[in-house]
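Colleague: I am attaching a structure below and will ask some questions about it afterwards.
The values are calculated or read from the model by the stated rules, or taken from the named source; none is laboratory data. Just so you know, these numbers come straight off a predicted model, no measurement behind them. Positions of Cβ are backbone-derived with ideal geometry, glycine not excepted, and every protein chain shown enters the neighbour counts. With ligands, DNA and RNA removed, areas are computed over all heavy atoms of the protein, side chains included. Shrake-Rupley method; radii C 1.70, N 1.55, O 1.52, S 1.80 Å.
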Amino acid sequence: MRARCALAVLAAALAHLAASAQAPRSISLIVTGGTVLTQNGSRQVLAPGAVAVNGAEILEVGTPQAIAARYRAAETLDAANQIVLPGLVNTHTHAPMVMYRGLADDLALMDWLQKYIFPAEARTVSPEMVRVGTRLAALEMIESGTTTYADMYYFEEEIARTTREAGLRAVLGQTIIQFPVADAKTPAEGLQRTEAFIKAFRNDSLITPAVAPHAMYTLDAATLKASADLARRYEVPVIIHLAETEDELRIAREQHRMSPTAYLESLGFWRAGTLAAHGVWVDDADIEILERRQVGVSHNPESNMKLASGTAPVVKYLAAGVRLGLGTDGAASNNDLDMFEAMRQAGFLAKHASRDPTALPAQGALDLATLGGARALGMEAAIGSLEPGKKADLIVVATGRARQTPVYDPVSHLVYVTRGDDVRTTIVNGKVLMKDGHLRTLDRAAVIRAANSLAQSVRAAVKER
Ligand SMILES: [Zn+2]
């Protein structure tokens, strides 16, 4: 009798255990029914697939049936007939420069910088301009599928606060430059400002503060070294423009008898966690240095083409194993922050420059904008693919337009016909920032109104010249 009773208790306990194992777990978010491009090691595609998210992290990627059986979500997004992929990583921007979009076009970099951009900045950069501009940039990035961006500008603490409010992830570099600028009269003041910025944001879940010495040609050796030392002391990234134009190469050779890359190597500047933007004028020895020092390189095809800066050796970088990502550069030289366009132009430029249509295929371009960007920023453990344990940064792209019909290969479509405007839903750190085109963290009309209003003072400042 007692034995039978004990057996009954055991059976009941086992039944309860089995039931609880099968009971769906409560989580925060499921995105289901779309074609899921995981961008994992085998570039697995689930058609259809589903992504289970809890809090800031991805729990599981699987079939819609498997995910539905295991989880109940507070919010479920239907992605049927759409493509779900990791959020795009823009490795080079100057976010507030959206305020100078279209202000001066069709000029060489040095003319453009010295005659238009630096004077316009001297007259108009302020904490308010930076806030209004960053909000506009954040709106554009959320609407076009960028979930992480790397930035270098002034008043970077304002950019950090605005970015956090918008809900984007970012590596933000406070600029250090030799001449007086809006937020620092001297490089020493710039360094102090940067240190305060690092202290204020180094434990943030979305913002990674960084040190951003502008370039080797706008800083002396002592400040370049001090910038690298500051970053080392706080273990934060460094962001610098590198070998963007032939002029920069000429200056480096004249002044230091070395390439810009070799000069910075001679200063002990390079280390893992450094991001070099452009890297156009590099030779094989430079590429070897960048690979050996584990420097991330940001390729900016549109800016390089518009300013006729030259062509970065993308195929060589990839063959050498350099941590290559993709960027738009500031909107003043692009003139937008659309990473789909950047992918397409990266592909076209690599093919055109090498006269080889197999150079940088669609999957390679998509890799640059996702995993490549994550690697360039040293964030590959957290972002760049849809895998359990990674941050839930993902986007949903519509495929119903005439130019997207029919769909044989989703990767081909993402790179060769998709535009930023096709992005319907953007999720960062598990938080839905835009759902089916409806923004949750920004008021689109108010952001655009504020930017148009501020543009009047930019226009007036440029006329004063
Ligand atoms: Zn730049």
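Colleague: Give me the helices (runs of 4 or more DSSP H) completely within the stretch 360-439, filtered to those with at least 1 residues that are under 22 Å from Leu290 (Cα atoms), ordered by residue number.
Modeller: Hits in the stretch 360-439: 362-367, 373-376.
Colleague: Could you list all residues from the stretch 74-85 that are open to solvent by 30 Å² or more (accessible area, probe 1.4 Å) and farther than 14 Å from Met434 by Cβ?
Modeller: If the condition is that a residue be open to solvent by 30 Å² or more (accessible area, probe 1.4 Å) and farther than 14 Å from Met434 by Cβ, then Ala74, Thr76, Asp78, Ala80, Asn81 are the ones that fit.
Colleague: Find all pairs meeting these conditions: Cβ atoms under 6 angstrom apart; at least six residues apart or on different chains; first residue within the stretch 125-147 and among the hydroxyl-bearing types (Ser, Thr, Tyr); second residue in a helix (DSSP H, G or I).
Modeller: Correct list of pairs: Thr134/Ala95; Thr134/Pro96; Thr134/Ile159; Thr134/Thr162; Ser144/Gly420; Thr146/Met339.
Colleague: Could you check the stretch 385-399 and list, in sequence order, the residues that are in contact with a helix residue (DSSP H, G or I) (Cβ under 9 Å, 6 or more places away or on another chain) and within 21 Å of Glu143 (Cβ to Cβ)?
Modeller: Val397, Ala398, Thr399 - these are the residues of the stretch 385-399 that are in contact with a helix residue (DSSP H, G or I) (Cβ under 9 Å, 6 or more places away or on another chain) and within 21 Å of Glu143 (Cβ to Cβ).
Colleague: Then there's this: Restricting the search to the stretch 139-162, which residues are more than 22 Å from Ala276 (Cα to Cα), in contact with an Asp or Glu (Cβ under 8 Å, 6 or more places away or on another chain) and assigned to a helix (DSSP H, G or I)?
Modeller: Listed by number, the residues that qualify are Glu140, Glu143.
Colleague: May I pose another question? Mind checking which residues of the stretch 195-249 are assigned to a loop (DSSP other than H, G, I, E, B) and either touching a residue at least 60 places away in the same chain (Cβ under 8 Å) or touching a Cys at 6+ places or on another chain (Cβ under 9 Å) (or both)?
Modeller: Ser205, Leu206, His214, Pro237, Glu244, Thr245
Colleague: Out of Thr405, Thr441, I need the residue that is among the hydroxyl-bearing types (Ser, Thr, Tyr) and surrounded by fewer than 16 Cβ atoms within 10 Å (Cβ to Cβ). Which one?
Modeller: Thr405
Colleague: Within the stretch 163-174, restricting attention to residues that are buried (at least 24 other Cβ atoms within 10 Å of the Cβ) and not basic (Lys, Arg), which residue is nearest to the ligand (Cβ to nearest atom)?
Modeller: Of everything passing the filter in the stretch 163-174, Gly173 is nearest to the ligand (Cβ to nearest atom).
Colleague: Scan the stretch 74-87 and tell me whether some residue there is in a strand (DSSP E or B) and more than 21 Å from Val397 (Cβ to Cβ).
Modeller: For the stretch 74-87, residues in a strand (DSSP E or B) and more than 21 Å from Val397 (Cβ to Cβ): present.
Colleague: Kindly indicate whether Ala312 is touching a strand residue (DSSP E or B) at 6+ places or on another chain (Cβ under 7 Å) and either within 14 Å of the ligand (Cβ to nearest atom) or free of Cβ contacts under 8 Å to residues at least 40 places away in the same chain (or both).
Modeller: Criteria met by Ala312.
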